[in-house]
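Below you'll find the structure, written out as structure tokens, and then a few comments.
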Number of protein chains: 2
Amino acid sequence: MNKVVKSIKEAITLCGLKDGMRISFHHHLRNGDHVINMVMEEIANMGYKDLTVNASSVFDIHAPLVNHIKNNVVTGLEVNYMGAAVGREISSGIMQKPVDFRSHGGRPSDIENGNTPIDIAFIAAPSSDNMGNCSGKYGKSACGSLGYAFVDAMNAKKVVVITDNLMEYPLFDFSISETYVDYVVCVDKIGDPTGIVSGTTKITRDPVGLMMASYATKVIQSSGLLKDGFSFQTGAGGASLAVAKYLKDIMLKENIKGSFGMGGITSYLVDMLEAGCFEALMDVQCFDLRAVQSIRDNPRHKEVTASHYASPTAKSAIVDNLDVVILGATQIDTDFNVNVHTDSNGFIMGGSGGHSDTAAGAKLTMIVAPLTRARLSIVVDKVLCVSTPGNTVDVLVTQRGIAVNPKRIDLKENLLASGLPVVDIHELKRIAEEITGVPKEVKLGSKTVANVIYRDGTVIDTIKNTL
Amino acid sequence: MNKVVKSIKEAITLCGLKDGMRISFHHHLRNGDHVINMVMEEIANMGYKDLTVNASSVFDIHAPLVNHIKNNVVTGLEVNYMGAAVGREISSGIMQKPVDFRSHGGRPSDIENGNTPIDIAFIAAPSSDNMGNCSGKYGKSACGSLGYAFVDAMNAKKVVVITDNLMEYPLFDFSISETYVDYVVCVDKIGDPTGIVSGTTKITRDPVGLMMASYATKVIQSSGLLKDGFSFQTGAGGASLAVAKYLKDIMLKENIKGSFGMGGITSYLVDMLEAGCFEALMDVQCFDLRAVQSIRDNPRHKEVTASHYASPTAKSAIVDNLDVVILGATQIDTDFNVNVHTDSNGFIMGGSGGHSDTAAGAKLTMIVAPLTRARLSIVVDKVLCVSTPGNTVDVLVTQRGIAVNPKRIDLKENLLASGLPVVDIHELKRIAEEITGVPKEVKLGSKTVANVIYRDGTVIDTIKNTL
């Protein structure tokens, strides 16, 4: 028995693709991924139309999608994140149907619950055996965790593993097991390693970033959460990484034994694990080479599925037990609603990812962002898009002061007691506008180009076309 | 958030148990399991009736089930294996409805496909955190793999984890994740370690057993399968273990690098792994302490689910790639049909387990059994119960000769060329009956006390009541 077929084309044919079907992809190969483009080019050449692409994220490398959209090969798009290259085109209104944005927790929930049934899942796998036991930990295109891809494999009617490293059966350290896989295709190259993971993620050297990191660290200290059992998620931004570094120093000095680090994992979280700051890392996605190496070699660095990470309809998810998350924003309004979907001009250039999931789960949700960016205030009266509702956001840290959500009176008192520069969020907006001037109102069109589906399934906002 | 409730009773109430529901259990605690008895006693005390118990296996320790059956608390029973204590009672006809026997692969298949939907699964877990991330690898009741329990957790409407070792969140080396778990109950003791795993499994010293093992090993050598990539499953019987030992010596001497060992894992397979005879062990169940230690500490010793092990409706299972399996029999008939459900008098005292699954998958399915047992021939004209159909059995090894299924002309030629004592299976029967005399016909009643459901879902045989 052997599931290896000769080509992507053969796999597509054997899976019985039909016009109108929903096909899925995961994004662990990030901006190095060749698989979406290879599969979609084949599908376009074969003459299929009217497909819905459900991808956990699309990056700038996936710009060829734009042509498939214009040619009606793709008429539906469902993602958790979208880079600017495709985003600007979507914003300009090239699709008839709005894009559906979900979160990293909402996507697996909707697949599992049958709201977005997948006909064919294409799994980019850095290693696989001939029966489809596959892993992201080995091979020239290693990406580490395959966390987002489990739900696709476990629920799609047909599953195709696409690999560039065929290993002997059984690939015993499999992530996704053969029980879910119909076909395996071996290609020369599933991606470009330099785009899949960065060599190393780097701390900011920018003094503004370092100041924000310093404030953020003090907020965590003052919150009362930095004690034994502490759990933490941060992203790969330079200031967030600096927080991880500062926290590590404090935890070691004060002998604080945290429980887990989570999320997209970087070398800084690996450092914290190895230094004993955490019992474990729960990893849905690796951001750099050191994280890939660690998830392969360190049994305390554990791959978790997207459902385990953040699904709102799982019986519980790790986000439900998260103490502190550090998140970014392109805009935050005076009700603490956060936009991570569009830039200040309304162009799509992002998405929730795990933003709204972790914000909902964490005991302390902190937005860390510079007060102004590209000569615009990040604090606004009303965000152009509500990605994460303000009632799940506790505090905004900028280089010019820290604004606490009024519902967190306790936190505000703690920060004041610690001597931190707590200011009202309206005051932050005023300070920003002193520098940037009052921004002109952004005029958008009347066509809905995207729905933002919150993790509970409701449409929390819509995104209109740019003019 | 915390899923720990005070008692099994509270969990049952919270799960909304109702008369007529189907509840499930797994059998990794084997003859040391206290969980089925604790839960069923509580359920009986609470006054529930007419439940169906779906358990991967029941052992002699579960004899209290007999009273629950007699009291109509349990009116349906679905198992893959049943020890004699309960089996004799079932054979005597105490249930109105027949027991449904499945195989280790058929059970998860039927649960996944909705044929036997589980209302509440009770997972005996040697360790768990307060959210239900649980494992069999740690704790005083450690049993190693929880392979059979995944399907229960992943598909039951409600899932209760019962543990005697509550660990800090997150139990990062979880087998079953919190995403599936509703409640966690911590009790003093989920089982008796001496019944859960044997201290060590022991090779036979009986000369008859050693002769059978020697023949079996030579059959494997002669089959042409003992080469690089070799894969192997054997049970925990004394002669089977001797085969493992002999194979290890040959593989080391001839520098043969096998791919995987599978099945219920014993110290002898661990020895083979550690000696480099296999790349990996794929473990659905641990039989002894050394196996438990190995699955905890050796990354090449991998836990697999029952579906991955053997499901006939998974997109593939490991049995599909198995070279050689050694299996037992209480009876085998001249068409090579094998009985492992009843003894020679028709009393239920076993079940398929993985017998028919591995027989269907393996390239070489070998039955190893003494020619006579308790003064009865094991070779008969017609087995009292067809557990495994003869067309999936290749060869019978006894101390008095080796019978090859006529459909395996190639194998017969190879064994003859190796000088092995190949004899017709009718001749083996004749030799046995020379010793034992012609057995009296076993008279059974007309009531069906059990259906044997083959892995493809068909009823391959029924078991009648004893008189």
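Okay, here's what the table says:
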{"quantity": "R0 of 41 Å, Cβ-Cβ distance A:Leu252-B:Ile256: FRET efficiency to nearest 0.05", "calculated": "0.25"}
{"quantity": "A:Asp335 accessible area, assembled protein chains, probe 1.4 Å, Å²", "calculated": "100"}
{"quantity": "Calculated from backbone phi, Karplus (6.51, -1.76, 1.60) coupling profile of the range A:102-109 in Hz, x at Gly/Pro", "calculated": "10, 9, 4, x, x, 4, x, 4"}
{"quantity": "Sum of side-chain charges, A:Tyr454 neighbourhood, beta-carbon under 13 Å (Lys, Arg +1; Asp, Glu -1)", "calculated": "-2"}
{"quantity": "Other copies of B:Met1: label-to-label distances in nm, shortest first, labels 7 Å along the beta-carbon direction", "calculated": "3.6"}
{"quantity": "Local net charge near B:Lys189, Cβ-Cβ under 13 Å (Lys/Arg +1, Asp/Glu -1)", "calculated": "-3"}
{"quantity": "Average Cα contact separation per residue, chain A, under 8 Å, 6 or more apart, as relative contact order %", "calculated": "16"}
{"quantity": "Overall Cα dimensions of the range A:207-442 - principal axes, largest extent first, Å", "calculated": "52, 38, 34"}
{"quantity": "Dipole of the protein assembly as shown, positive end: most advanced residue of B:Ser387, B:Thr163, A:Val292 [Cβ charges, Cα centre]", "calculated": "B:Ser387"}
{"quantity": "Net charge dipole size for the range B:207-442 [Lys, Arg +1 and Asp, Glu -1 on Cβ; Debye, nearest 20]", "calculated": "180"}
{"quantity": "Cα-Cα pairs of the protein assembly as shown separated by more than 39 Å (percent)", "calculated": "47"}
{"quantity": "Pair-distance profile P(r), taking every C-alpha pair of the range B:121-181, with 5 angstrom steps and integer %", "calculated": "4, 24, 35, 26, 9, 1"}
{"quantity": "Pairwise burial A:B, computed as accessible area of each alone minus the pair, summed, 1.4 Å, Å²", "calculated": "2800"}
{"quantity": "Carbon + sulfur, % of accessible area of chain B - ligands and nucleic acids excluded, 1.4 Å", "calculated": "49"}
{"quantity": "The range A:42-105 - charge dipole about Cα centre, Lys and Arg +1 at Cβ, Asp and Glu -1, debye rounded to 20", "calculated": "120"}
{"quantity": "Computed FRET value (nearest 0.05) for B:Asn67 with B:Lys140, which takes r as the C-beta separation and R₀ as 25 Å", "calculated": "0.30"}
{"quantity": "Amide hydrogen neighbours beyond the local backbone of B:Val184, cut-off 5 Å, H modeled", "calculated": "B:Val4, B:Val5, B:Val161"}
{"quantity": "Pairs of alpha carbons in the range A:21-95 whose separation is greater than 18 Å (percent)", "calculated": "28"}
{"quantity": "Approximate spin-label separation A:Val208-B:Arg300, in nm, with each point projected 7 Å along Cα-to-Cβ", "calculated": "5.5"}
{"quantity": "Calculated SAXS-style log₁₀ I(q)/I(0) at q = 0.15, 0.21, 0.26 Å⁻¹ - the range B:373-447, Debye, Cα scatterers", "calculated": "-0.60, -1.01, -1.27"}
{"quantity": "Proximal aspartates and glutamates relative to A:Lys248, as straight alpha-carbon distance under 12 Å, when same-chain residues fewer than 8 apart are discounted", "calculated": "A:Asp271, A:Glu274"}
{"quantity": "Solvent-accessible area per residue for the protein assembly as shown (1.4 angstrom probe, square angstrom)", "calculated": "35"}
{"quantity": "Net charge over other residues, Cβ less than 11 angstrom from the Cβ of B:Leu467 (K, R count +1; D, E count -1)", "calculated": "+3"}
{"quantity": "Anchor B:Lys245: lysines whose Cα lies under 26 Å away (excluding residues fewer than 8 positions away in-chain)", "calculated": "B:Lys137, B:Lys202, B:Lys218, B:Lys227, B:Lys253, B:Lys257, B:Lys302, B:Lys363, B:Lys412"}
{"quantity": "Translational diffusion coefficient (Stokes-Einstein; Kirkwood radius from C-alpha pairs) of the range B:190-331 at 10 °C, 1.306 mPa s, in µm²/s", "calculated": "103"}
{"quantity": "Residue-level accessible surface for A:Ile318, protein heavy atoms, 1.4 Å, Å²", "calculated": "0"}
{"quantity": "Over the range A:154-238, equivalent-ellipsoid semi-axes from the Cα gyration tensor in Å", "calculated": "42, 20, 11"}
{"quantity": "Amide H partners (placed H, <5 Å) of B:His301, local residues excluded", "calculated": "B:Leu281"}
{"quantity": "Solvent-accessible ranking of B:Asp206, B:Asp119, A:Asp357, largest area first, probe 1.4 Å", "calculated": "B:Asp206, B:Asp119, A:Asp357"}
{"quantity": "Kirkwood-Stokes translational diffusion coefficient of the range B:324-467, alpha-carbon pairs, 4 °C, 1.567 mPa s, µm²/s", "calculated": "84"}
{"quantity": "Under Karplus coefficients 6.51, -1.76 and 1.60, residue-wise ³J(HN,Hα) of the range A:337-343 in Hz, glycine/proline x", "calculated": "5, 10, 9, 10, 8, 10, 7"}
{"quantity": "Accessible surface ranking that places the most exposed of A:Glu303, A:Glu254 first, with a 1.4 angstrom probe", "calculated": "A:Glu254, A:Glu303"}
{"quantity": "Inter-chain shielding of B:167-174 (mean C-beta neighbours from other protein chains, 10 Å cut-off)", "calculated": "6"}
{"quantity": "All Cα pairs of the range B:30-174, percent lying beyond 23 Å", "calculated": "36"}
{"quantity": "Amide H partners (placed H, <5 Å) of B:Val99, local residues excluded", "calculated": "B:Ala450, B:Asn451"}
{"quantity": "Under 21 Å from B:Lys447, Cα to Cα: lysines that are on another chain or at least 8 residues apart", "calculated": "B:Lys70, B:Lys97, B:Lys382, B:Lys464"}
{"quantity": "Per-residue [θ]222 nm for chain A (sum of -39500 (n - 2.57) over DSSP H runs n ≥ 4, rounded to 500)", "calculated": "-8000 deg cm²/dmol"}
{"quantity": "Scattering curve values for chain A, log₁₀ I(q)/I(0), Debye with Cα scatterers, q = 0.05, 0.08, 0.13 Å⁻¹", "calculated": "-0.17, -0.45, -1.17"}
{"quantity": "Sites B:Lys363 and B:Asp173, calculated FRET efficiency, Cβ-Cβ separation with R0 35 Å, nearest 0.05", "calculated": "0.55"}
{"quantity": "Dipole axis of chain A (+1 Lys, Arg; -1 Asp, Glu on Cβ), positive-most option in A:Tyr180, A:Ala125, A:Phe25", "calculated": "A:Phe25"}
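The values are calculated or read from the model by the stated rules, or taken from the named source; none is laboratory data. Keep in mind it's a predicted model, so treat the numbers as computed, not measured. Neighbour counts are summed over all protein chains in view; Cβ atoms, including those assigned to glycine, are modelled from backbone coordinates with ideal geometry. For the accessible areas, the whole protein counts, side chains as well, though only heavy atoms, and no ligand, DNA or RNA atoms are used. Shrake-Rupley method; radii C 1.70, N 1.55, O 1.52, S 1.80 Å.
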